[in-house]
Structures are given as C-alpha cells and as structure tokens.
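Report on one structure; see the data block that follows.
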Amino acid sequence: MTIAAHAKVNFTLEVLGVRPDGYHDLRSAVVPVSLADEVTLEPADEVTLVMDWCGGRGATALPWRSRGTRDPTGGTRDTTVETEDNLAVRAARLMQRVSGKNDGVTITLEKRIPVGGGLGGGSADAAAVMNGLNEMWGLGMPRKELATLGAGIGSDVPALVLGGTVLMEGRGERVDWLDGCETRDARQDGFHLVLANPGVFCSTPEIFKAFDTPLPNRPEILYNMRLAMQAGDGAAVARALQNDLETTATRLYPEIEAARQRLEAAGCLGASMSGSGATVFGIARDAAEAGRIARELEAEDLWSVAVETVR
Ligand code: C5P
C-alpha cells in the first residue's frame, strides 16, 4: 500500500510554559499541506527501510550550507538502509509491540519534505506507518488511540496520525480536530501557501533550550485563527499567524527572519515560521500568486515551493 505522508505547518504555536520533565507545554493549530513524502508498505519477514531521495528532485534540493549543517542525505540516493533511529522504523516497532505481532514490513520512503525543517517530515512518515500497519495488519485501532500512542515516537506524531487540521496541546500528545475547520464546504479550496527554507538547520532541542520567555496565556490567538480558518479568509489567517519560537530561532539564525520578510516583500499576505524552524511559510492570495512567489524566491536560490492546505 502507498500512503501520502503530508508535511504540516503551524498556523499558531504558543509556548505556555516549561514542564517538570523539561518539555514545554504547547498549544498549536497544526495544518497539513500538499507537499508529501510517499510511503510504501509491503509485507515482509523483517522491518526494512528503503530511502529514496527522488534522484535529487526531492529533499536533496535543500541548500543546507550554514553552521553545523550537512547534506541530510550524505549525498546518497536510492539507498537501502536499516536503522532503528529512523522514526518510520520506530513506528513499525511500536506497532509490533502493541499488536503482539511479529510480522515485518518493507518501508520505502520517497522523500520530498525537507529534513529537519519544522515541517514534520519524519513524524509524517512515522504517522503513515502507524496508520498503514493498523490497516495492513487488520488491528482496527481507533485513530485517536493510535495518535496518543504516537507521542512515544515524537511530539508531532499524534497530530499527524490524527490528520486534518488539528489542535495540539500538552507536549504534543493531546490532539483533536480543530472545531469547525473540517466542516467547511468540501468544494472550497484550501489556503494557498508558499514554503521557503533559508538553508539553515534548526535543531528542535536547541531552539527549545534557548527559549526563555514563556508568555502569558493569550486565548485570543487561537480564537482569531479558528474564526479566520472557518471563514476561509486568507487575509485574516495571515493576520492571525503566531509562532512563539520565532524570536528565539531568529536570534540564533537571522536568515529565518530574512526569509520571512522576503515572503512578505514578494507579495504574501503574511508569513510565519513553522514549528521550531527553519522553514517559513507565507499565505498567498491564490494558487497563481503562490506559484509566482515560489518561482521568484527559487530564482534567488532560496528553496521554495507553492503548496495548498489539505483536509
Ligand atoms: O518529542 P520530540 O522528540 O519531537 O522533541 C524533540 C525535543 O524538542 C525534545 O527533546 C525537547 O527538547 C523539545 N521539545 C520540548 N517541548 C515539546 C516538544 C519538544 O521542549 N513540547
């Protein structure tokens, strides 16, 4: 079976405080976009992972070049590897444990989502493996139960197992569909976005560690975003964007703020950082405008792609 593992952006990301276990309490509107890895699962005796970097047309196109960065592919393509660190492999192991099954699976990942860019690529692959094996092995586990289990793999996994526009809370383990956003007219378009990556590698632990300004509770942030999304109003969504980690990430990597401003200067209605960065995204008026802006940024050697939000 083949599954599209969609990248996500965070339309809002609030850091509410630090928890006793060192993690941060978050509140975030997580929105899937059309950029996706392709995850193929085939029954097998062992758990095996095949990485396919799409011959350089996929994630390798990212221009990693700054401090502490490296080509995430190590220059490899179409390589078969077996690694217990990979989130998709960890997802398969988790499904073996909870099901009591000893079946294996060959997981082929066609990578298109930039690695380590705040778009949840690794987590999306893990979520696809969990949902896929639930079906392939006939486990019949409810989606919300699977989502909660996914927190053991990574904080973004529960939201991506659930799928659709999700309100994520706690460390990331408390997820539910964001009220109203799913009930919009199915014929209505998604929002048109431009993603841009300035080519710096942001480590999530590094950004959270440097974050030192928990802010007071601001319920209006999510309230305004929810209203804007329900109304299908891109300009209002653009005004309601918020990411509490952006100031910290920008202090460490000024290229992020430069890329965000570049999106606005090129015509986006508003722009923000996704997750802990370094990818930024802007809201465009329509698909044609998103395509034009992405081409303009690509011509300036900024990795950029036009996408649409998906349900
Ligand atoms: O859970 P995950 O492995 O995705 O988290 C990576 C790192 O990001 C954690 O080790 C932690 O330093 C930080 N983090 C955090 N609070 C969260 C999520 C992640 O401090 N809610």
* So which of Ala259, Ala284 is in contact with a His (Cβ under 6 Å, 6 or more places away or on another chain) and in contact (Cβ under 8 Å) with a residue 24 or more places away in the chain? -> Ala284
* Structure fact -> Requiring at least 1 residues that are out of contact with any helix residue (DSSP H, G or I) (no Cβ under 7 Å at 6 or more places or on another chain) and at pLDDT below 90, the strands (runs of 3 or more DSSP E) wholly within the stretch 43-153 are 47-52, 79-81
* Assess whether Gly152 counts as being out of contact with any His (no Cβ under 7 Å at 6 or more places or on another chain) and over 28 Å from Gly291 (Cα atoms). => yes
* In this structure, is Leu149 open to solvent by less than 40 Å² (accessible area, probe 1.4 Å) and closer than 28 Å to Val47 by Cα? -> no
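The values are calculated or read from the model by the stated rules, or taken from the named source; none is laboratory data. In this text, all values refer to a predicted model and were calculated from it rather than measured experimentally. Virtual Cβ from ideal backbone geometry, glycine too; neighbours counted across all protein chains shown. Accessible surface is based on the protein model in full, side chains and every heavy atom, while ligands, DNA and RNA are left aside. Shrake-Rupley method; radii C 1.70, N 1.55, O 1.52, S 1.80 Å.
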